[in-house]
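Novice: Handing you this structure, nothing more for now.
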Amino acid sequence: MQQAVVQCFPNETVEYKFYNRRPDTKFSRLSFDWFSTKVQELSKVKLSKDERTWLETKCPYFQATYLDFLQNLRLSPEDQVTAHFVPVSADEVDVGDVEITVKGLWKEVILYEVPLMALLSEAFFLHTDTDWTIDSAKDNAKSKAASLLAHGIAFSEFGTRRRRSYEVHDLVLRGLLEGQSDAKSNGYSGAGRLAGTSNVHFAHKYDLNPVGTIAHEWTMGIAALKGYTDANPIALDLWESVYPPSPTSPLHTALTDTFSTPIFFSTFTADRARAWRGLRQDSGDPIEYANLAKETYDRLGVDMKDKFIVFSDGLDVKTCVDIQKACKEIQIGATFGIGTFLTNDFHRASDSKADSKALNIVIKLSIIDGTDCVKISDDLNKNTGKAEVVAAAKKTLQI
């Protein structure tokens, strides 16, 4: 994503906004203070020589000019990140809401979303909701890996943004790897596997494949700059200008729900469908999505035998199994990006039958070069942006 922005939008300025999808969930002031301190420490983060060497080998699609840019980049949270604590009332000043905005050059501040969300989640479970224990984190992950593999599920770990903590995340990956190792030791030879992680740091640490897809912000920003009518094909055109499609490319999985999947498919051409290896479902009903994908490929005359869908919305073992069964019936491949179920699935220490719920938070692109950005999901609860801009975009797209 960042390399594409560096090449295609080197001078555009943006603003990101934080959304708490469960506004009844409040933060303690202690959580906010811890979070604020950690945010400032992001100024110390830099790409090491060893990490660059690893990226050059593991991610050959990164150009030397981009890696030079990344190695020289230093974040400036003091200037780029604004965070406020808003008490619930004058009488209750130590509990409240958190407001976060990020402003700067898109090519630089694109890196903030993931660490800001991960830090805020960690702050919440360190200083607000403390009724949980880390004790079984690794064993639970190991057990989940065993179940997923037993059902032939190919999956990647997508849980950085809403993880309980860095330590939990580390334990989860160790558990997943142990679960896979044990399965192989016991003669497992099925199609299930841990395909990788979206966390490049842990991919480096544990020699996993770094995996991911285009994010919504790519198409959101392009739509705001170039109009909504042709935003999807323009977004794919620009992506291809940076990463030409190939039969084995790991970078050509199309995220379809930035402005609803039917709108995406309405401009999806046969040539594009053949060139791109797969699709990603991130909202709405996954089985309905798979059937719509089949209808689209059939309408375009594209053979699905080498195509796949990456499912990444609210997954657990059962949903993965159900989705995979449905995909087998229509003969399209299925793989899964599993997030919160792996990195933030806990029960209360005081009551093992009660869930210790993960936060439901996002950070989304809000403005680019002074123009508002919106997202119109397949799930109405996932729409973001000003209501009047969402309404105008829907009118343009005839949604």
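The values are calculated or read from the model by the stated rules, or taken from the named source; none is laboratory data. On a predicted model such as this, the values are computed, not experimentally measured, just so you know. Because the Cβ atoms are built from the backbone with ideal geometry, glycine has one as well, and the counts that use them run over all protein chains shown.
Novice: Say we look at the stretch 329-340 and pick out the residues that are buried (at least 21 other Cβ atoms within 10 Å of the Cβ) and of a type outside the set (Ser, Thr, Tyr); which of these is farthest from the chain's Cα centre (by Cα)?
Specialist: 332
Novice: Give just the number: which of (1) of a type in the set (D, E, K, R); (2) more than 28 Å from residue 73 (Cα to Cα); (3) part of a loop (DSSP other than H, G, I, E, B) does residue 178 not satisfy?
Specialist: Evaluating residue 178 over (1) of a type in the set (D, E, K, R); (2) more than 28 Å from residue 73 (Cα to Cα); (3) part of a loop (DSSP other than H, G, I, E, B) leaves (3) as the failure.
Novice: Further question: Pairs needed: first member in the stretch 127-151, closer than 15 Å to residue 195 by Cα and basic (Lys, Arg); second member anywhere, assigned to a loop (DSSP other than H, G, I, E, B) and modelled with pLDDT of 95 or more; C-beta distance under 9 Å; at least 6 residues apart or different chains.
Specialist: 144/316; 144/345
Novice: Quick test for you: out of 4, 64, pick the one residue that is closer than 23 Å to residue 212 by Cβ, small (Gly, Ala, Ser) and in contact (Cβ under 8 Å) with a residue 12 or more places away in the chain.
Specialist: Numbers: 64 fails: in contact (Cβ under 8 Å) with a residue 12 or more places away in the chain.
Answer to the check: 4.
Novice: Scan the stretch 345-359 for residues that are surrounded by fewer than 19 Cβ atoms within 10 Å (Cβ to Cβ) and either within 12 Å of residue 124 (Cβ to Cβ) or in contact (Cβ under 8 Å) with a residue 60 or more places away in the chain (or both) and jot them down. Spell out how you get there, then give the answer.
Specialist: Of the residues in the stretch 345-359, the ones surrounded by fewer than 19 Cβ atoms within 10 Å (Cβ to Cβ) are 347-355, 357.
Hits for the stretch 345-359 are 347, 348, 349, 350, 357.
Novice: If you don't mind, another one. For the condition among the aliphatic types (A, V, I, L, M), modelled with pLDDT of 95 or more and out of contact with any strand residue (DSSP E or B) (no Cβ under 8 Å at 6 or more places or on another chain), what is the one hit in 111, 105, 116?
Specialist: Details: 105 fails: out of contact with any strand residue (DSSP E or B) (no Cβ under 8 Å at 6 or more places or on another chain); 116 fails: out of contact with any strand residue (DSSP E or B) (no Cβ under 8 Å at 6 or more places or on another chain).
Selected residue: 111, the only one of 111, 105, 116 that is among the aliphatic types (A, V, I, L, M), modelled with pLDDT of 95 or more and out of contact with any strand residue (DSSP E or B) (no Cβ under 8 Å at 6 or more places or on another chain).
Novice: Also, quick follow-up: Does residue 120 satisfy being part of a helix (DSSP H, G or I), assigned by TED's automatic domain parsing to the domain that holds residue 42 and out of contact with any Lys or Arg (no Cβ under 7 Å at 6 or more places or on another chain)?
Specialist: yes
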